[in-house]
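Only one structure is covered here, and it is reproduced in the block below.
The values are calculated or read from the model by the stated rules, or taken from the named source; none is laboratory data. Just so you know, these numbers come straight off a predicted model, no measurement behind them. Note that each Cβ is placed from the backbone with ideal geometry, even for glycine, and that neighbours are counted across all protein chains shown. With ligands, DNA and RNA removed, areas are computed over all heavy atoms of the protein, side chains included. Shrake-Rupley method; radii C 1.70, N 1.55, O 1.52, S 1.80 Å.
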Amino acid sequence: MATPVQLWGEIRQLGYVIPQATLERSIEHWVKVRGVGPWLVVEHPPVNDYLYRGQPGTLDFTFALAQAGDLQIELIVQHNDQPSTYLDFLAATQGIGGLHHLAWWPEDMDEAYRQATEVLGYELWTAGRIGPEGQFRYWSTTRDENGDHPGTVVEHANIRPATRERFAAMAEQSRRFDATTDSWYVGR
């Protein structure tokens with residue numbers, strides 16, 4: 001049986017869901033304890049075509065990105081009470097949060113969809129778009145009849161070439177990042 005790494009290559013991102021009001025503290029932890037930075041914070045991005053378990057909705061969240069070399073770290077806080085995989089995860093972790101997903105950035109989202117469903121048997125949990133091309137999908141990786149969160153899920157994200165270039169530049173910056181002298185933020 002094929003694995004996600006065999007199908008889609010390297011894991012590009014580790015995504016952490018964290019409780020509201022902890023974003024600054026979480027960034028500070030990653031900077032001071034792990035030496036990861038600088039961070040790009042995107043507040044309240046417009047999410048279009050949002051679906052959670054096949055039902056449309058409105059998602060309000062903020063995310064922060066930093067590169068740890070070629071691996072991206074994402075911190076996510078949700079601001080509204082719209083049902084989501086993020087709130088499911090917080091409930092399953094009794095509000096603590098933690099590692100929510102492993103993300104791949106497939107070149108062909110349609111083929112990745114086919115592989116996720118037909119080859120791996122994943123079920124689509126959440127989907128949406130940020131901007132015209134920023135498509136994302138979260139996959140449940142187990143067939144849990146209760147719908148409880150199984151732990152770490154899989155994300156597919158359609159990352160445009162210009163965004164990939166920006167992430168590559170952030171990766172280079174991360175290799176020289178000094179938390180004692182450098183700004184913790186590349187943008188906000």
The chain, helix-only ellipticity at 222 nm - DSSP H runs n ≥ 4, -39,500 (n - 2.57), divided by all residues, nearest 500
-7000 deg cm²/dmol
R0 of 25 Å, Cβ-Cβ distance K32-Q94: FRET efficiency to nearest 0.05
0.45
Give me the one-decimal nm value for the distance between modelled label points at Y185 and E24, 7 Å along each residue's Cα-to-Cβ direction.
1.0 nm
Residue of I11, I27, I96 that the Gaussian network model of the chain assigns the largest fluctuation, springs spanning Cα pairs under 10 Å:
I96
The computed P(r) of the chain puts the percent of Cα pairs beyond 21 Å at 50 percent
Expressed as a whole percentage, what fraction of the accessible surface of the range 52-177 belongs to carbon and sulfur atoms when a 1.4 Å probe is rolled over the protein heavy atoms?
47 percent
Could you work out how far apart the two model spin labels at Q173 and L124 are, taking each label as a point 7 Å from the Cα in the direction of the beta carbon, and quote it in nm?
3.4 nm
